[in-house]
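*Asks:* If you scroll down you'll find the structure; I have some questions about it.
The values are calculated or read from the model by the stated rules, or taken from the named source; none is laboratory data. These numbers come from a predicted model, not from an experiment. Here the Cβ is made from the backbone with ideal geometry for all residues, glycine too, and neighbour counts use every protein chain on show. Keep in mind that these areas ignore ligands, DNA and RNA; they rest on the heavy atoms of the full protein, side chains included. Shrake-Rupley method; radii C 1.70, N 1.55, O 1.52, S 1.80 Å.
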Amino acid sequence: MKNKLTLLFALTLIFACNVPRQATDIKEEVKEVIVEETNAPDVSSTSPDFPFTTNKVLMGEKAMVVSAHPLASEVGLEILRKGGNAVDAAVAVQFALAVVYPAAGNIGGGGFMVIRHADGTNTTLDYREKAPLAAHRDMYLDKKGDAVAELSRRGHLAVGVPGAVAGMIQANAQHGLLPFASLVKPSIRLAKHGFALTEREAKRLNGQQEEFTKYNSHTTPYHGTWKTGDIIVQADLADVLQRIYDNGFDGFYGGKTADLIVAEMKSGGGIITHEDLKKYKAVWREPIVSEYKEYNIISMPPPSSGGIVLSQLLNMIEPYPVSEWGFQSTKSVHLITEAERRAYADRAEHMGDSDFYEVPVNQLIEKEYATKRMANFDPKKATLSSAISAGKVLEESEETTHFSIVDVQGNAVSVTTTLNSGYGSKVVVKGAGFLLNNEMDDFSAKPGVPNLFGLVGGEANAIEPEKRMLSSMTPTIIEKNNELYMVVGTPGGSTIITSVFQTFINVAEYGLPLKDAVHNPRFHHQWLPDKIFIENDAISQEERATLEKMGHQIEKRGYIGRVEAILIYPDGKLEGVADIRGDDSAAGL
Ligand code: DON
């Protein structure tokens, strides 16, 4: 009874206050209850009614979580209901996705978190993977000096030092309200008791069997012939999560888990050591904040290219009457393509981890710089990209993942996290049951040689020990007239930045409802290869012919992005939209 009253008291305070409160105050108030609850026997269902209902569009009065999996969104909501704030919910969702969405959710990868507090202050957390201490510039080159894609994309040598667990601990310690362990708890439950596979996941796992066998000497929890509704149990992963629950940082970067990671590395020619793991630190960084008309766009700085390129794109299109031209009109597609061509060329040359390379951030995001870059824009003709030959953008499944959260107090969190490609390096740590990333491929293995996403780079993004590889992940929060307006992000490798950009202007410029802004087909250009990639029928045949006459090359491809977005209305109501391109689902209060 006493506990219930304490919880009621704490929740009343949280819900009643409009101003953000000191994390420590509330942490103490709710601690007692939560600890008791987490030790209590599990009564909540581990596999809610299957098939799961996915909410693609959901209105909320107070709070919203949108993620790539209905169970993960439910976990986020559960934490918000217990009095956690958006940061707590984000931490719990990150862990939940590591269990229910192993293709991209992770503890063996990394990501970025953008936070906007209810009082308008903001920050970002970088928990991106790092190159191991033994990494070196030419580690993916053969004797002739050619880059060997296989080495940076698959298997043990492709793995960067994971940042996800350190990131979650940092996020909770600085900005959370609930005890960290209580945020790991729901995932232990899901890993231990299992959950039902959706049709998509069952298919995806079946499609990876050869790779799992090739890159693992042991039978992983993902081996098998899966069908919709099968329950997948991840006992070793549950034990790792339990160690994180018990010991925090040392539960992953030390002790048994670290021993298992290092043993796995040794067994397959990987180079991550105990020292790499012990040294890993997540870093708080100032966001890139750009102004576009009455909006402020708060996004991720280096080692992501996302915030800078997004800002450049907005600056480049700002002088043009795009809303008059209309959504996906020839004029709009041409302008956006030309802006993307220029911004992505800058990405290749100037962007990398700013702890190691001086990224000219301020210059790149200046409006005058955008004007100069667009000086040779020809409204009638495509500008040719440089003649440097770039590889084809591979159609690897799009397996980063994004989630957007707004809590009762109005705090907003935008997180994009990844193993890089689907199931990362395909290596599962023996005895620990989680997948390791293949993030090292995001470095430029050799100047001008395209990575998995066809992106090229040079000095700025060359491999160095402890450096972070350049990312395109663009978790973003947007204000309109200084009030919280949109929380948005997506997976999609190089296409991430354009998908975030398009979702925003679809609403802000073309006046689309959020649902259409997220669900409509998209298009993308990244300087090299010199092509507009279009998703399905993003552009009509007639328009395509016109663009081709203007000098554009156009290629159809599969899905571009899986956007999870929340729009905040002036009356405080929240609209959550989950992408139709996956099992994504919104959960709200
Ligand atoms: O950080 C990056 O930019 C990439 N590792 C993201 C990979 C990704 O989005 C995978 N999905 N296609």
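*Asks:* Can you sort E275, E324 by solvent-accessible area, 1.4 Å probe, largest first?
*Replies:* From most accessible down to least: E324, E275.
*Asks:* Right, next: Please report the accessible area of H223 (heavy atoms, 1.4 Å probe, ligands and nucleic acids excluded) in Å², nearest 10.
*Replies:* Result for H223: roughly 40 Å² accessible.
*Asks:* Next question, about the same structure. Under 19 Å between alpha carbons: how many lysine pairs meet that in segment 162-282, if sequence neighbours fewer than 8 apart on the same chain are excluded?
*Replies:* Close lysine pairs under the 19 Å cut-off: 9.
*Asks:* Hey, got the dipole for the chain? About the Cα centre, +1 on K and R Cβ, -1 on D and E Cβ, debye to the nearest 20? Provide the component values of the computation, followed by the final result.
*Replies:* Numbers: 59 positive and 75 negative charges, 114 e Å.
Dipole of the chain, to the nearest 20 debye: 540 debye.
*Asks:* So which of K62/K82; K144/K531; K130/K531; K62/K515 end up more than 24 Å apart by C-alpha?
*Replies:* K144/K531; K130/K531
*Asks:* Do me a favour and compute the ellipsoid semi-axes for the chain from its Cα gyration tensor, root of five times each eigenvalue, largest one first, whole Å. Display every interim value, and only then the final one.
*Replies:* Working: eigenvalues 248, 169, 94 Å².
Sorted largest first and rounded, they come to 35, 29, 22 Å.
*Asks:* When the expected Rg is taken as 2.2 N^0.38 Å, what fraction or multiple of it is the alpha-carbon Rg of segment 391-547?
*Replies:* 1.18
*Asks:* Given the protein chains as shown and a 1.4 Å probe, how many square angstrom of S332 are accessible, to the nearest 10?
*Replies:* Spelled out: S332, probe radius 1.4 Å, area about 0 Å².
*Asks:* Which Cα, out of Y245, M265, A235, lies furthest along the positive dipole direction of the chain (beta carbon charges, K/R +1, D/E -1)?
*Replies:* Of the listed residues, the answer is M265.
*Asks:* Another question, then. Report in % the part of the accessible area of segment 157-216 that belongs to carbon and sulfur, leaving out ligands and nucleic acids; probe 1.4 Å. List each step's numbers first, then the result.
*Replies:* Working: 890 of 1810 Å².
Ligands and nucleic acids excluded, carbon and sulfur give 49 percent.
*Asks:* Also, I was wondering about something else. So if I place +1 on the C-beta of Lys and Arg and -1 on the C-beta of Asp and Glu, and nothing else carries charge, what would the dipole magnitude of segment 428-549 be about its Cα centre? I want it in debye, nearest 20.
*Replies:* On the way: 10 positive and 16 negative charges, 48 e Å.
I would put it at about 240 debye.
*Asks:* Rounded to the nearest 20 debye, what is the charge dipole size of segment 269-332 about its Cα centre when +1 sits on each Lys and Arg Cβ and -1 on each Asp and Glu Cβ?
*Replies:* Working: 6 positive and 7 negative charges, 53 e Å.
Once rounded to the nearest 20, the dipole reads 260 debye.
*Asks:* Ranked highest first by average number of other Cβ atoms within 10 Å, how do 568-576, 452-460, 85-93 line up? Walk me through the numbers on the way to the answer.
*Replies:* Numbers: 568-576: 16.3, 452-460: 20.4, 85-93: 32.0.
In decreasing order of mean packing, 568-576, 452-460, 85-93 become 85-93, 452-460, 568-576.
*Asks:* Kirkwood hydrodynamic radius, computed over distinct alpha-carbon pairs, for segment 429-482: how many Å, to one decimal? Display every interim value, and only then the final one.
*Replies:* Working: mean 1/r = 0.0733 Å⁻¹.
Kirkwood radius, segment 429-482: 13.6 Å.
*Asks:* Aspartates and glutamates within cross-link reach of K293: Cα-Cα under 15 Å, excluding same-chain residues under 8 positions apart?
*Replies:* K293 reaches E318, E366, E479, E483, E509.
*Asks:* Report the accessible area of K515, computed with a 1.4 Å probe over the heavy atoms of all protein chains in place, in Å² rounded to the nearest 10.
*Replies:* About 90 Å², rounded to the nearest 10.
*Asks:* Run lengths n ≥ 4 of DSSP H only: what is the helix-derived mean residue ellipticity at 222 nm for the chain, with -39500 (n - 2.57) per run over all residues, to the nearest 500? Before the final figure, lay out each step's value.
*Replies:* Numbers: 21 runs with 217 residues, N = 589.
Dividing the helical sum by the residues of the chain leaves -11000 deg cm²/dmol.
*Asks:* OK, next. Count the DSSP beta bridges whose two residues both fall in the chain, then state the antiparallel fraction as a percent rounded to the nearest 5.
*Replies:* Percentage antiparallel, nearest 5: 95.
*Asks:* Could you name the lysines whose alpha carbon sits less than 20 Å from that of K143, not counting residues in the same chain fewer than 8 places away?
*Replies:* Answer for K143, where 20 Å is the Cα cut-off: K446, listed by chain and number.
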